[in-house]
Amino acid sequence: MKIIMYDTHQHERPYAQIWAQAHHQKLTMVEEPLTMETVHLAEGYDGLSVQQTIQIDNDIYPILANYGINHISTRTAGFDNFDLAVAKQHGITITNIPSYSPRAIAEMGLTQAMYLLRNIGRFHEQMDQNHDFTWSGNLISNEIYRCTVGLIGTGRIGTATAQIYKALGARVLAYDPRYHPELEPFVEFVDRDTILRQADIITLHTPLTPQTKNMIGAAELRVMKPTAILINVARGGLVDTQALIKALQDHEIAGAGLDTLANEQNLFGHQVSPDQIPEDYKILRAMPNVIITPHVAFLTQTAVQNLVQISLDDTVKLAQGQRTNHAVN
Ligand code: NAD
């Protein structure tokens, strides 16, 4: 079987090569995304895998159907860049990877929280700007086992996050409209307001929907403790960025860890010129009590291996007319 993998990143290649050898498949990796300009590369192949957030042109589906390809496997959890109905009309099944390593995302949230809890950004600022290596009493930290951690969203990643904080001895509160009884040993289920008011670390793990968009805005930030740390490794749009900047400037909360930003689409994952960097990113990045990572919580060996290998497994199954659990249309 011949498979083409679009938008291949360097970090994916070793896992893809291991998979191709183990499964005796012919695999071609290209760096370009799947577009009208590159779709011709798929001619003669039995299946294809993509990994892109840019929209898939609707004219691509009939071209693939014409090549005899009946599916696209995306090496992502998200699939909002596909028109699922149009793909279906042309007999193209889309598959995604809903879960590839919840622990990877949870650990990034913890990493950011610990960086902020121990005031590392503020110590760096002191050392770098003022040659000040003193042990400032202002920067005395709490210890994690004395913290209350508030989870908003207790799905796959929220659950992994709860387990980690519980193992570290923290008190873990959680809010989710869907009750997860299996989490009872790790968390106390409370209402959202209790989390906002009581938590030292508030960590978001919900999908971005019209209901959750800007779920953390000025009103929510105002009721948090002035010592609270906000962690968003879920989706940027969950937080009203302007309200967050103001809350940090007004010392309404103590810090923020962000692996996602509302307007990250043309920034994270890209090489850009200075004039393309959004103003809100620059303001946040300059704050010593903010840590930003460019949507890399997933970038671990386990997660990338799973993304590549599950996608290629699905590609083979669908090309052979078998079922997968990951079809989304
Ligand atoms: P999931 O579907 O397993 O869990 C989401 C949970 O959120 C569900 O239990 C749901 O009931 C709950 N929820 C929905 N609306 C809510 C609300 N208003 N308040 C509280 N809880 C609510 O999802 P997941 O796999 O755990 O993913 C969580 C988030 O992490 C998603 O936004 C996902 O896109 C993001 N994510 C980020 C990265 C990254 O690299 N930074 C990687 C993967 C996923």
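Rounded if a/c is under 1.5, else prolate if a/b is larger than b/c, else oblate: which is segment 102-292, with a ≥ b ≥ c the root eigenvalues of its Cα gyration tensor?
oblate
Scanning residues 5 or more positions from GLY150 or on other chains, those with amide H under 5 Å from its amide H are LEU173, ASP200, ILE201, ILE202, THR203, with H placed 1.01 Å from N in the peptide plane. So the label point goes 7 Å from the Cα of SER136 along Cα→C-beta, right? Which residues of segment 281-312 then have their backbone N under 14 Å from it? Hits in segment 281-312 for SER136 at 14 Å: 287-290.
Our coupling estimate for segment 304-318, obtained by passing each phi through the Karplus curve with A = 6.51, B = -1.76, C = 1.60 and θ = phi - 60°, is 5, 4, 5, 4, 5, 6, 5, 4, 5, 4, 4, 4, 5, 4, 5 Hz, Gly and Pro reported as x. Heavy atoms of the protein chains alone define the surface here; on that basis the chain has 49 Å² accessible area per residue at 1.4 Å probe size. Applying the Karplus relation 6.51 cos²θ - 1.76 cosθ + 1.60 with θ = phi - 60° to segment 117-122 yields 3J(HN,Hα) values of 4, 8, 6, 5, x, 5 Hz, where x marks Gly and Pro.
Sorting TYR175, TYR165 on solvent-accessible area from highest to lowest, probe radius 1.4 Å, gives TYR175, TYR165. GLU37 contributes an accessible area of around 140 Å² to the protein surface, as traced by a 1.4 Å probe with all chains present. For ILE94, the residues whose amide H sits under 5 Å from its own are ILE72, VAL328, ASN329, ignoring neighbours fewer than 5 places away on the same chain, with H placed 1.01 Å from N.
Given a 1.4 Å probe and every protein chain left where it sits, what share in percent of the accessible area of segment 102-292 is carbon and sulfur? Taking all protein chains in place, segment 102-292 shows 52 percent carbon and sulfur surface. In this structure, the amide hydrogen of VAL290, modeled 1.01 Å from its nitrogen in the peptide plane, lies closer than 5 angstrom to those of ALA256, counting only residues at least 5 positions away or on a different chain. For segment 74-89, the Karplus equation 6.51 cos²θ - 1.76 cosθ + 1.60, evaluated at θ = phi - 60°, returns couplings of 9, 7, 8, 7, x, 9, 6, 8, 10, 8, 4, 5, 5, 4, 4, 3 Hz by residue, with Gly and Pro reported as x.
For segment 102-292, the dipole from Cβ point charges (+1 on Lys and Arg, -1 on Asp and Glu) about the Cα centre works out to 280 debye, to the nearest 20. Remark: spin-label model distance ASN66-LEU299 equals 3.8 nm, labels positioned 7 Å along the Cα→Cβ axis.
According to the square roots a ≥ b ≥ c of the eigenvalues of the Cα gyration tensor, what is the shape class of the chain, taking rounded for a/c under 1.5, prolate for a/b larger than b/c otherwise, and oblate for the remainder? Here the chain falls in the prolate category. The residues TRP19, TRP135, sorted by heavy-atom accessible surface at 1.4 Å with ligands and nucleic acids left out, run TRP135, TRP19 from largest to smallest.
Going by a ≥ b ≥ c, the root eigenvalues of the Cα gyration tensor, does segment 179-329 fall in the rounded group (a/c under 1.5), the prolate group (a/b larger than b/c) or the oblate group? Taking the square roots of the gyration eigenvalues as a ≥ b ≥ c, segment 179-329 is oblate. Excluding same-chain neighbours fewer than eight residues apart, the aspartates and glutamates reachable from LYS26 by a Cα-Cα span under 18 Å are ASP7, GLU12, GLU43, ASP46, ASP313, ASP314.
The length gained by stretching the chain between PHE189 and GLN17 to full extension, at 0.36 nm per residue less their Cα-Cα distance, is 57.5 nm. Residues in segment 262-297 near a label at LYS213, defined as backbone nitrogen under 20 Å from the 7 Å Cα→Cβ point? Within reach of a label on LYS213, which here means backbone N under 20 Å from a point 7 Å along Cα→Cβ, segment 262-297 contributes 262-267, 280-281.
Dividing the summed -39500 (n - 2.57) terms of all DSSP H runs of n ≥ 4 by the residue count of the chain sets its mean residue ellipticity at 222 nm at -10000 deg cm²/dmol.
Given R0 = 45 Å, the distance between the Cβ atoms of GLU279 and GLN198 translates into a calculated FRET efficiency of 0.85.
Magnitude of the charge dipole for the chain, about its Cα centre and with charges confined to Cβ atoms of Lys, Arg (+1) and Asp, Glu (-1), is about 780 debye. Estimated at the nearest 10 Å², the accessible area of LYS225 is 60 Å² with a 1.4 Å probe.
Backbone N atoms of segment 1-37 closer than 12 Å to the 7 Å Cα→Cβ label point of HIS90 belong to residues 35-37.
The values are calculated or read from the model by the stated rules, or taken from the named source; none is laboratory data. Keep in mind that this is a model prediction, so the values were computed, not measured. Cβ atoms come from the backbone with ideal geometry, glycine included; neighbour counts cover every protein chain shown. Each accessible area value is taken on the protein alone, full model and side chains, heavy atoms only, with ligands, DNA and RNA left out. Shrake-Rupley method; radii C 1.70, N 1.55, O 1.52, S 1.80 Å.
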